[in-house]
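The values are calculated or read from the model by the stated rules, or taken from the named source; none is laboratory data. All values derive from a computational prediction rather than experimental measurement. Glycine also receives a Cβ, built like all others from the backbone with ideal geometry; neighbour counts cover every protein chain displayed.
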């Protein structure tokens, strides 16, 4: 074997670093995507305003830090109930009226919500890039030749924890079972006495709480500005389509795939082109396996 | 003239006013607003061809706008050729890209299609903003001003008429769709694709046709806009905001109606220019308030008045007719 191509110490370190970065990034993407896929799976609505709730979550963390120097991880205790409430109110005011309307009406409603929220942020807080720099964002941990940032590790751990709690909730609680039943067959669930409106309220609130929490978690890692949600939500769409819209386990796997494409793409082609890598992946998946890598075939042509 | 329906008469009046305005008004601010209203109206009408008449809701039409803008800007700034050649090149490229997107519309419906169009415009955005050697990257391209019709270096008055021609062209396409066999077939596809296919309508081919036509018109609009404004910024011409703007104008005015996109453009563009002019000095962010209003308006319109301003006007007309009787 050509000695230059043999895996040396340096190559293994690079691979390990890429692997660790992938997993850390994937965990955070999963929390963003899981809310989106939950809302889609149960309500059959693609929430085009999902990124804007992430942006609001980042702003909450930013203001808590700059006004009271509260650590973003403590802010989570406020953020999660706050965004649960915001999601609940948004459902009642905006989504309830269009839940049984056509896809186009739903698209325009959430797009309108997205435009309004982005510009509320612009008017209130200007377009400046703002950053949160708590002490842990500058601590670097080194293990076996890999290096990563403490904030990233904590964000990953919390995101993973929250995602697992959500999984457990969906799987083992009565409410979770009711929600899954509604996702499977809305009419049958109604006939069994399920209050689907209540399920939708809860679903939207949980989905927004997830993304609000994700906003607090990413705030030490990325700058926040009124359109900050866009870069993440585009990613989340890729993740969710890869995993099959509505499929929560698929969303986890999709997050890892997108994170891997991003990490490996940035390593080989430079950070500038990483987005091209996953958009091409996205379009390729849409063309060849539109129901997702693990989804049921044919879902995309039903338009659901 | 008497036999025309009220919306056609209103369109004739509006376009006539736009044609006469430059003869009376010389104020460049007013003329500038008029040009932008006509251009955004025409572009929204182009979006309406796919989104309204054929029911293929794209959130990536900025891709075609950007293709048109870049073709002409590169043609003039880099190769010292006429922007008209750039316009033709933009149309050719947009026909190809529109064909590809139209093909996607045959495989994907509803939100899946909307997502794929967003992804497409984002790929072009990244390409244009990162390919420094050719497109000048994220700095954008200033379009050189060379006086003359062949180089599109025109004054405000002449630009009003260029924009007017574009607006009439897009309006005419819409009117043609409303009365033609293809238009009815597209409406059938929009309402129920499976039923339309069962009736023997070639839905796949027609959807590609509608999306491609819409793409080509959007590209022409993009070229003219770039030549008028004189600067191409990739983060603007390929932005999702721009794609949403086309949809927003159309829905507020009336989705799938010929006059709707223009009514929407009159409302949105004039409020935007007014707020920009008022708040430009001390707080630029405040100009964003018009988008808050329109985002909210979009939510309210699709919920309570899904036929937009046109539908409201129709309801008002019917109510008055009843009150008179």
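General remarks:
- Some residue of the range A:109-131 being under 22 Å from residue A:205 (Cα atoms) and surrounded by fewer than 19 Cβ atoms within 10 Å (Cβ to Cβ): no
- Residues of the range A:279-304 satisfying the condition of being more than 9 Å from every other protein chain (Cβ to nearest Cβ), more than 22 Å from the chain's Cα centre (by Cα) and modelled with pLDDT of 70 or more: A:288
- Top-ranked residue in the range A:96-110 [being part of a helix (DSSP H, G or I) and out of contact with any helix residue (DSSP H, G or I) (no Cβ under 6 Å at 6 or more places or on another chain); ranked as nearest to the other protein chains (Cβ to nearest Cβ)]: A:104
- With respect to (1) surrounded by 21 or more Cβ atoms within 10 Å (Cβ to Cβ); (2) closer than 23 Å to residue B:294 by Cβ, the lone exception for residue A:98 is condition (1).
- Residues within the range B:12-54 that are surrounded by 21 or more Cβ atoms within 10 Å (Cβ to Cβ) and either part of a helix (DSSP H, G or I) or out of contact with any helix residue (DSSP H, G or I) (no Cβ under 9 Å at 6 or more places or on another chain) (or both), tallied: 20
- Leading residue by the ranking (farthest from residue B:187 (Cα to Cα)) among those in the range B:67-81 that are in contact with a strand residue (DSSP E or B) (Cβ under 8 Å, 6 or more places away or on another chain) and crowded, with 24+ Cβ neighbours inside 10 Å: B:73
- All of (1) farther than 20 Å from residue A:77 by Cβ; (2) away from chain B (no Cβ under 14 Å) hold for residue A:130 with one exception: (2).
- Output for the range A:134-179, where each listed residue is in contact (Cβ under 8 Å) with a residue 40 or more places away in the chain, more than 14 Å from residue A:27 (Cβ to Cβ) and surrounded by 11 or more Cβ atoms within 10 Å (Cβ to Cβ): A:134, A:136, A:137, A:145, A:146, A:147, A:170, A:179
- Taking the listed residues A:211, A:249, A:199, the one that is buried (at least 24 other Cβ atoms within 10 Å of the Cβ) and in a helix (DSSP H, G or I) is A:211, with no other qualifying.
- Residue selected from the range B:172-190 under the condition touching a residue at least 12 places away in the same chain (Cβ under 8 Å) and out of contact with any helix residue (DSSP H, G or I) (no Cβ under 6 Å at 6 or more places or on another chain), by the criterion surrounded by the most Cβ atoms within 10 Å (Cβ to Cβ): B:173
- Some residue of the range B:237-260 being within 16 Å of residue B:47 (Cα to Cα), in a helix (DSSP H, G or I) and more than 14 Å from chain A (Cβ to nearest Cβ): yes
- Between A:241, A:276, the distinction of being modelled with pLDDT under 85, surrounded by 24 or more Cβ atoms within 10 Å (Cβ to Cβ), within 14 Å of another protein chain (Cβ to nearest Cβ) and over 16 Å from residue A:27 (Cα atoms) belongs to A:241 only.
- The range B:136-164: number of residues that are outside any loop (DSSP other than H, G, I, E, B) and either touching a strand residue (DSSP E or B) at 6+ places or on another chain (Cβ under 7 Å) or within 13 Å of chain A (Cβ to nearest Cβ) (or both): 6
- Residue within the range B:225-235 that is within 14 Å of chain A (Cβ to nearest Cβ) and part of a helix (DSSP H, G or I) present: yes
- Residue in the range B:118-126 that is without any contact (Cβ under 8 Å) to a residue 40 or more places away in the chain, within 9 Å of chain A (Cβ to nearest Cβ), farther than 30 Å from residue B:185 by Cα and surrounded by fewer than 24 Cβ atoms within 10 Å (Cβ to Cβ) present: yes
- In the range B:295-311, the residues that are within 22 Å of the chain's Cα centre (by Cα), part of a helix (DSSP H, G or I) and more than 7 Å from chain A (Cβ to nearest Cβ): B:297, B:300, B:301, B:308, B:309, B:310, B:311
- Boolean, residue B:272 is in a helix (DSSP H, G or I), farther than 23 Å from residue B:120 by Cα and modelled with pLDDT under 90: yes
- Where residue B:288 falls short, out of the listed (1) more than 13 Å from chain A (Cβ to nearest Cβ); (2) over 23 Å from residue B:92 (Cβ atoms); (3) surrounded by 17 or more Cβ atoms within 10 Å (Cβ to Cβ): (1)
- So residue A:259, is it more than 14 Å from chain B (Cβ to nearest Cβ), within 13 Å of the chain's Cα centre (by Cα) and closer than 27 Å to residue A:129 by Cα: yes
- Residue check, residue B:210 touching a residue at least 12 places away in the same chain (Cβ under 8 Å), more than 11 Å from residue B:43 (Cα to Cα) and either assigned to a helix (DSSP H, G or I) or away from chain A (no Cβ under 14 Å) (or both): yes
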